[in-house]
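Every number in this text was worked out from the coordinates using simple rules, so none of it is lab data. What you are looking at is a predicted structure, and each value in this text was computed from that prediction instead of being measured. Here the Cβ is made from the backbone with ideal geometry for all residues, glycine too, and neighbour counts use every protein chain on show.
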Amino acid sequence: QVQLVESGGGLVQPGGSLRLSCALSGDTFSIYTMGWYRQAPGKQREWVTTITTGGTANYADSVKGRFTLSRDNGKNTVYLQMNSLKPEDTAVYYCRAISSRAAYWGQGTQVTVSS
């Protein structure tokens, strides 16, 4: 059974940085397109970034230039480096794994940007 385990969330001041990790177990990591979504209080879940099996990353306009997504196929893990964080980045961040056969969500990790 595929599991996604996220880590790295927390409280950070505006302008600060955090790195989120998402580890996949239970299947071959390299076949999955990996991504992150986020959901702020009272808002719908929105797409943040995706990285393909070939390592190409795409970003929502709201995070472009501040967030960087990378993958380590040897560690079955993706890393979301978040810099220059803003209060509007506050949300629960969810990892997503998609293959031709199935799609999975992680349990979510809270990111709070506040002074």
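For the reader, a short list of remarks on this structure follows.
- Test result for residue 90, under 21 Å from residue 115 (Cβ atoms), crowded, with 17+ Cβ neighbours inside 10 Å, out of contact with any helix residue (DSSP H, G or I) (no Cβ under 9 Å at 6 or more places or on another chain) and of a type in the set (Ser, Thr, Tyr): yes
- Within the range 30-42, the set of residues being out of contact with any Ser or Thr (no Cβ under 9 Å at 6 or more places or on another chain) and not in a strand (DSSP E or B) comprises just one member, 42.
- Qualifying residue in the range 43-56 (condition: assigned to a loop (DSSP other than H, G, I, E, B), surrounded by 13 or more Cβ atoms within 10 Å (Cβ to Cβ), in contact with a helix residue (DSSP H, G or I) (Cβ under 8 Å, 6 or more places away or on another chain) and on the phi > 0 side of the Ramachandran plot): no
- For the range 64-87, the candidate set comprises residues that are part of a strand (DSSP E or B) and in contact (Cβ under 8 Å) with a residue 60 or more places away in the chain; within that set, the residue that is surrounded by the fewest Cβ atoms within 10 Å (Cβ to Cβ) is 81.
- Note on the range 1-34: residues that are in contact with a Phe, Trp or Tyr (Cβ under 7 Å, 6 or more places away or on another chain) and among the hydrophobic types (A, V, I, L, M, F, W, C) amount to 4.
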